[in-house]
Amino acid sequence: MLSSDAFGYVNLLDNTADVSWRRQSLILNNMANDDTPGYKRKDIEFESVLKKELMGTHQRTLDKAVDVLDNDGNQVKGIEYTDYENFSYRLDGNNVDMDTENVELASEQIRYQTLTTSMKNEFSRFKSVLT
């Protein structure tokens, strides 16, 4: 984590990219356990956690909320959970649906690429200011 007010968004993007990477790993693990009897899929809840943290800063603008989160050293972590509620159509109790997991993986890969591109763009802006 970079410690400067200028890097608030970069730190938040970095933290979000870490959670996205963890979610991709969980999805791949779900796919690998497609044939495991009784396996329950795992996932990460992040968006609601981030929203709660940002709202908890009681700031009027996103810029100020991000600065408060960054200056407090808070790293917003996703909450890993096991999906017991998703109904299993299989007799062995496994609730992994490969079609759903493939869609979620593709979506998460796009999110991760977008986050890393955003970080790259932020650093390009910093570089243009310094040169």
For GLU108, GLU53, the accessible-area ranking with a 1.4 Å probe, largest leading, is GLU53, GLU108
With x for Gly and Pro, the residue-by-residue ³J(HN,Hα) of the stretch 20-27, computed from phi through the Karplus equation 6.51 cos²θ - 1.76 cosθ + 1.60 at θ = phi - 60° and given in whole Hz, is 4, 4, 4, 5, 4, 4, 5, 5
For TYR89, TYR81, TYR112, the accessible-area ranking with a 1.4 Å probe, largest leading, is TYR89, TYR81, TYR112
Measure of exposure for SER107: accessible area at 1.4 Å probe, Å² rounded to 10, is 50
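Here are some pairs, LYS40/LYS77; LYS42/LYS77; LYS77/LYS127; which of them have Cα atoms lying more than 27 Å apart in this structure?
Working: LYS40/LYS77 22 Å; LYS42/LYS77 16 Å; LYS77/LYS127 29 Å.
The pairs that break the limit, which is 27 Å between Cα atoms, are LYS77/LYS127.
The values are calculated or read from the model by the stated rules, or taken from the named source; none is laboratory data. Predicted model only: the values in this text are computed from it and were never measured. To get the accessible areas, we keep the full protein, side chains included, count just its heavy atoms, and leave off ligands, DNA and RNA. Shrake-Rupley method; radii C 1.70, N 1.55, O 1.52, S 1.80 Å.
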